[in-house]
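Heads up: the structure comes next, in structure tokens.
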Amino acid sequence: MSAPKNTSSISDSLEGLPYERLEEQLEASGVNPLHAKALFNAVHRRLEHPLSSGIERLVPPLQRWLTSQGAPTACAMESVSETPSTDGYTHKYLLRLADGAEVETVQMGFPGRFTACLSSQVGCAMGCVFCATGQMGFARHLSAGEIVAQALHVERQLRGLQGERLRNIVMMGMGEPLHNFEATMTALEILTDNRGLNIGPARVAISTVGHIPGIEQLARHPKRYSLAVSLHEASEDERAALVPVNKKWPLADLLQVCRDYSRLKRARVFFAWTLIGGVNDSDDHARRLADLLRGMDAHVNLIPLNPTEGFEGDAPEAGRVRAFQQIIQDSGLPSTVRQRRGIDVAAGCGQLKVARANRV
Ligand code: SAH
Ligand code: SF4
């Protein structure tokens, strides 16, 4: 009698299985691993969701394998609301996951350069005081499949526009991606796979609060994704007041790790500075920031604060933002002011969910 085939169900939804893992899963169930190509294609190229709608296009062994999984093989993700900004460029999607948890995904950009801003967690454990997601607290990590499914959702919307497709991914939605390292890396492996959405690794940005062990791991990772580090303050005490995890991962250590990362990867590091009127927007702050980054291949992204309910603070006047940027520029550092497009859709981190929760 032959040994029973291993038909153990898959550990994540199909969207969250990298090509090679899909091959392994099929082989373990006695299905020819070459069929992985058709399945990967159905999920990541034809964007069939739920997969059952396209199941009859697959060869019978694959159909049988999918049915034998017993549980839904495609990540159940329902779009609860879609909010376009008045300028028409930004769309914010509130997506409900199988367990009822909700995350947001933002589609930004113009024809030819669309970007998806993806969430990595439901809530966030890092507790930055000005951040709506931080104010919610941490509920759970997202699986790789739930991260990938957000990008597929955006790609599906873009297919409706003539010749458009997703070009860039930023891990700047809800959550701290390096706190959910494995799932984030698996998701990015899938999204950059040239048999799938084929997003160039250089077009993927991972934004972190300054999770030092995660940055060190990222430095050893074979792919060169773009790294963005959220600084917001230039001294230990001031930073700890806005970003509590500064006590665990102090600014001085963080900057050293960023220097090492930049050298090792030969990559520019992007530093985010959320500008809060009267808190971290003075000329002195700008000069201290420039001093901290001197000698590093760095770029500064200035983000005027999106006010949140749980934090008394506002964006500085436009003139103050310009003066701050001028000092950064004069020090020789490249910089950009991120005027949050679509601020009318509450495009700040986590804010759509908060707005909705308050209505109920
Ligand atoms: N956890 C990661 C990525 C998600 S937050 C991180 O902190 O980097 C993405 C960016 O939005 C961060 O730079 C964060 O500081 C910024 N941000 C959060 N809340 C904001 C707000 N209310 N106004 C402006 N920027 C905000
Ligand atoms: Fe978390 Fe980033 Fe918000 Fe801080 S800014 S609470 S790390 S999502």
The chain: calculated mean residue ellipticity at 222 nm from DSSP helix runs of at least 4, using -39500 (n - 2.57): -10000 deg cm²/dmol
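Answer rounded, prolate or oblate for region 14-69, using the Cα gyration tensor with square roots of eigenvalues a ≥ b ≥ c: rounded when a/c is under 1.5, else prolate when a/b is larger than b/c, else oblate.
oblate
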Counting DSSP beta bridges with both partners in the chain, what percentage is antiparallel, nearest 5? 45 percent
Please give, to one decimal in nm, the separation of the simple spin-label points placed at ALA139 and SER53, each 7 Å out from Cα toward the Cβ. 2.5 nm
Label region 76-221 by shape, choosing from rounded, prolate and oblate, from the square roots a ≥ b ≥ c of the eigenvalues of the Cα gyration tensor; if a/c is under 1.5 it is rounded, and otherwise prolate applies when a/b is larger than b/c, oblate when it is not. oblate
Dipole of region 78-359 (Lys/Arg Cβ +1, Asp/Glu Cβ -1, origin at the Cα centre): which of LEU191, ALA144, GLY109 lies farthest to the positive side? LEU191
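Sorting CYS75, CYS128 on the 10 Å Cβ count, fewest up front, what's the list?
Result, fewest neighbours first: CYS128, CYS75.
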For each of THR90, THR133, THR192, THR336, count neighbouring Cβ atoms within 10 Å of the residue's Cβ, then give the residues from fewest to most. THR336, THR192, THR90, THR133
J(HN,Hα) series, region 93-107, from Karplus relation 6.51 cos²θ - 1.76 cosθ + 1.60, nearest Hz, glycine and proline x: 10, 9, 10, 9, 8, 4, 8, x, 5, 10, 9, 10, 9, 10, 10
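Using Cα pairs under 8 angstrom and six or more residues apart, how large is the relative contact order of the chain, in percent?
Computed over the chain, the figure is 15 percent.
FYI, it's all coordinate maths here, none of it is from the lab. Model, not experiment: these values are computed from the prediction. Here Cβ is always computed from backbone atoms with ideal geometry, including for glycine, and neighbour counts include all displayed protein chains.
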